[in-house]
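Notes to accompany the following structure.
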Amino acid sequence: MHIDLSGRTALVTGSTQGIGAAIATGLARSGAHVVVNGRGAERVEETVRTIRAETGNENTTGAVGDLATEEGTRAVLQAVPRVDILVNNLGIFGPAPALEISDEEWRRYFEVNVLSAVRLIRAYLPGMTEQGWGRVLNLASDSAVVIPSEMIHYGMTKTSLLAVGRGFAKEAAGTGVTVNSVIAGPTHTGGVEGFVRELVGDELPWEEAQHEFMLKHRPQSLLQRLIEPEEIANLVVYLASPYASATTGGAVRVDGGYVDSILP
């Protein structure tokens, strides 16, 4: 299947590393004009250069702004007033004892993981519906369905994203715009490596530490390994394409079989 996104502009939030960078690279490889987003200009510029070198797509640019804030959101919207494809990838996570999570931390997770997506959908959806084509994709997680005991505040935000996606899909009904959530499973990123080390320690070599983590903390996984970011990106690129025109309001899984359910 050849996916051609030439002529389409895609904004990927939080895309200077990990899953976001892989998604941005995948979209650029398919010909889209990709806008890389991050809080620091140096990291954004470095990622733009890397994507251009890897894909040969010189039509890759950056938009600096902290989307967890209204000020940062305004800066990005000013730099990128219209998009055809919006990928809400920005997110934070980390373990914390459930009874020790402060009100401030609950609010911080909601601002970063949920409200950043809501603000951008609210800003970009009218332009998409006006032109009769658009794609909104929210990066959720298996934690939206299987709430992890070690980070229930994170799980709460990803469950909220499923509701946000379904609700805005109804708002876009019949317009040619699709809105979906992607339920990503345990994925191999730098941040997750640190998370794994927090739970299993620093003594084991990485491959053994990963195996220990999956065995003890994610035993439901049918893949029995961490997912590579490019595997998440493959699904996102498909959902962003014309081939996915009949998929909307969904929570589509690329979780390695982690969620033990036929439906999300």
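Values computed for the structure shown
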| quantity | calculated |
| --- | --- |
| Output for region 25-52, where each listed residue is in contact (Cβ under 8 Å) with a residue 40 or more places away in the chain and part of a loop (DSSP other than H, G, I, E, B) | S30, A32 |
| The lone exception for F195 - which of (1) buried (at least 18 other Cβ atoms within 10 Å of the Cβ); (2) assigned by the TED database to the domain that holds I23 it fails | (2) |
| Test: residue in region 74-82 that is over 23 Å from A172 (Cα atoms) and in a loop (DSSP other than H, G, I, E, B) | no |
| Tally of residues being assigned to a loop (DSSP other than H, G, I, E, B) and out of contact with any helix residue (DSSP H, G or I) (no Cβ under 7 Å at 6 or more places or on another chain) across region 97-108 | 2 |
| Qualifying residues in region 1-24 (those that are in a loop (DSSP other than H, G, I, E, B), closer than 18 Å to S241 by Cβ and not small (G, A, S)) - the one least open to solvent (accessible area, probe 1.4 Å) | L5 |
| Positions within region 145-165 being open to solvent by 10 Å² or more (accessible area, probe 1.4 Å) and of a type in the set (G, A, S), in sequence order | S149, S160, A163 |
| Test for Q224: is it farther than 22 Å from A21 by Cβ, in contact with a Phe, Trp or Tyr (Cβ under 6 Å, 6 or more places away or on another chain) and either part of a loop (DSSP other than H, G, I, E, B) or in contact (Cβ under 8 Å) with a residue 12 or more places away in the chain (or both) | no |
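The values are calculated or read from the model by the stated rules, or taken from the named source; none is laboratory data. Quantities reported herein were computed from a predicted structural model and do not represent experimental measurements. Positions of Cβ are backbone-derived with ideal geometry, glycine not excepted, and every protein chain shown enters the neighbour counts. Only protein heavy atoms, including side chains, enter the accessible area calculation; ligands, DNA and RNA are left aside. Shrake-Rupley method; radii C 1.70, N 1.55, O 1.52, S 1.80 Å.
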